[in-house]
């Protein structure tokens, strides 16, 4: 699949169903999955060497039945993704300023619970393996085959630290019947409660070398 993070999961799903190896060619905006595979995001043609390369097995995450390769976010980060997409389509030059205004106006907790326990958080990220996270910035993963979901929660309208826990399964619920979310950086809406799970080493991936 030649594309960005938001385009990969649909093809990965087919590869999984048919037990076929998957080749990722970074041809999108951010290409986080390609980066974490160790590919050079600035050399998409070089990724084609994977067809004569070696095979790895990596984990897959699921939000309900929907597959994700990287992470799912809800709360302020997801609102920023939705906001970014709307203004990118409108080509609005003041999108960043409006995004900051959005943060100021949404200081309250988003009313989440994890496995039935209420949590006070402005941002929640459910990740396929462990990330190095910064404020509203998704960092890198050292492993793609740990076999664990990582839950990151941040409090406050400008969070600077994350509470982290790990699990193989978790249930995220909300006071709302649905939540704005970002799956692998793409805006969507998910009905609650949302069952998250991980499928260890489920996807066959070819990489150069």
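The values are calculated or read from the model by the stated rules, or taken from the named source; none is laboratory data. Just so it is clear, the structure is predicted and the values come from calculations on it, not from any experiment. Methodologically, a virtual Cβ is constructed for each residue, glycine included, from the backbone with ideal geometry; neighbour enumeration extends over all protein chains shown.
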ask   = Within the stretch 21-29, is there a residue that is at pLDDT 95 or above, out of contact with any strand residue (DSSP E or B) (no Cβ under 9 Å at 6 or more places or on another chain) and surrounded by fewer than 21 Cβ atoms within 10 Å (Cβ to Cβ)?
value = no
note = Checking 151, 102, 144, 133 in turn, the sole residue that is surrounded by 12 or more Cβ atoms within 10 Å (Cβ to Cβ), out of contact with any strand residue (DSSP E or B) (no Cβ under 7 Å at 6 or more places or on another chain) and either modelled with pLDDT of 85 or more or under 19 Å from residue 185 (Cβ atoms) (or both) turns out to be 102
message = Taking the condition of being free of Cβ contacts under 8 Å to residues at least 24 places away in the same chain and either touching a strand residue (DSSP E or B) at 6+ places or on another chain (Cβ under 6 Å) or surrounded by 19 or more Cβ atoms within 10 Å (Cβ to Cβ) (or both), how many residues in the stretch 169-187 meet it?
response = 1
inquiry  = Here is a check on your reading of the model: is residue 110 assigned to a loop (DSSP other than H, G, I, E, B), at pLDDT below 95 and touching a strand residue (DSSP E or B) at 6+ places or on another chain (Cβ under 7 Å)?
reply    = yes
